[in-house]
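Colleague: Can you read through this structure? Questions will come right after.
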Amino acid sequence: MLGLKLETDPHWVNIVEKNIEEILTDHAYCEQKAATNAISILISYPYHTDLVDELLILSKEELTHFEMVHQKIKDRGFKLGFERKDEYVNELYKFMRKGHKKEIVLIDRLLFSAMIEARSCERFKILSENIKDQDLKEFYHELMISEANHYTTFLRFARKYGNEYENVNSRWAEWIEFEAKMVKSYGKKETIHG
């Protein structure tokens with residue numbers, strides 16, 4: 001369903017299990033950034049009313065996820081800590097087209113968002129299937145479903161608003177290829193995308 005070309009090695013969970021505090025803190029900030037990203041898109045394209053409506057819902061959901069992850073952090077006696085740099089997202093960002101016609105930029109902003117959600121969904125699936133901690137296993141299963149919905153939302157809007165400007169499926173295939181080459185150097189840290 002996600003169309004990712006390179007799957008994460010399930011042994012990544014072994015790295016994660018060595019530092020649960022780190023993965024939870026990183027995850028919390030991923031949720032915060034996802035909410036911020038959705039708000040940024042709707043502010044930039046306020047004339048797409050249905051996009052605004054759905055991204056408002058999505059951003060609230062992302063903030064709820066931030067709150068849920070923060071509660072997991074507190075429940076385990078950890079503290080949130082400071083924001084981590086997300087090298088994966090920063091590298092994807094460089095692939096996004098900027099300085100083009102506004103609707104072309106929208107296509108790439110939506111595909112960029114879909115790509116992040118797809119990889120997050122895949123990582124949550126791996127956690128839900130392989131982590132030994134039963135509480136986190138269930139937690140990540142629930143979030144995996146939500147991330148899949150976010151992924152399809154962004155992809156659907158890219159196609160809806162982009163197909164009159166270019167073949168969005170072709171551009172999405174370029175994103176998939178780029179991410180597959182890029183992600184080979186990830187999966188070695190106890191972070192959601194690391």
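Colleague: Pick from Arg119, Arg159, Arg84: which residue has the top mean-square fluctuation in a GNM of the chain where Cα pairs under 10 Å get a spring?
Modeller: Among Arg119, Arg159, Arg84, the largest mean-square fluctuation in the Gaussian network model of the chain belongs to Arg84.
Colleague: Sticking with this structure for a sec: Just tell me, in residue order, which DSSP H segments of the chain are both 24 angstrom or longer along the helix axis (alpha-carbon based) and at least 0.0 in mean Kyte-Doolittle hydropathy.
Modeller: 20-44, 102-130
Colleague: Still on this structure, I have one more. Gap in Å between the Cα centre of the stretch 151-175 and the Cα centre of the stretch 57-116?
Modeller: 19 Å
Colleague: Of the cross-linked pairs Lys98/Lys137; Lys5/Lys79; Lys132/Lys188; Lys5/Lys72; Lys18/Lys94, which ones have a Cα-Cα span greater than 28 Å in the structure shown?
Modeller: Lys98/Lys137; Lys5/Lys79; Lys5/Lys72; Lys18/Lys94
Colleague: Nearest 20 debye, what's the magnitude of the dipole of the stretch 47-194 about its Cα centre given +1 on Lys and Arg Cβ and -1 on Asp and Glu Cβ?
Modeller: My answer is approximately 520 debye.
Colleague: Here is a further query. Per residue, what volume in Å³ does the Cα convex hull of the stretch 84-194 take up?
Modeller: Residue-normalised Cα hull volume stands at 101 Å³.
Colleague: Can you tell me which of Gln71, Gln134, Gln32 moves the most in a GNM of the chain? Springs connect C-alpha atoms under 10 Å apart.
Modeller: It is Gln134.
Colleague: Next up: Positive end of the charge dipole of the stretch 45-115 (Lys, Arg +1 and Asp, Glu -1 on Cβ, about the Cα centre): tell me which of Tyr45, Val89, Ser59 has its Cα farthest that way.
Modeller: Positive-most Cα among the choices belongs to Val89.
No value in this document is a laboratory result; all are computed from the given coordinates. Because the structure is predicted, anything quoted here is derived from the model rather than measured. Methodologically, a virtual Cβ is constructed for each residue, glycine included, from the backbone with ideal geometry; neighbour enumeration extends over all protein chains shown.
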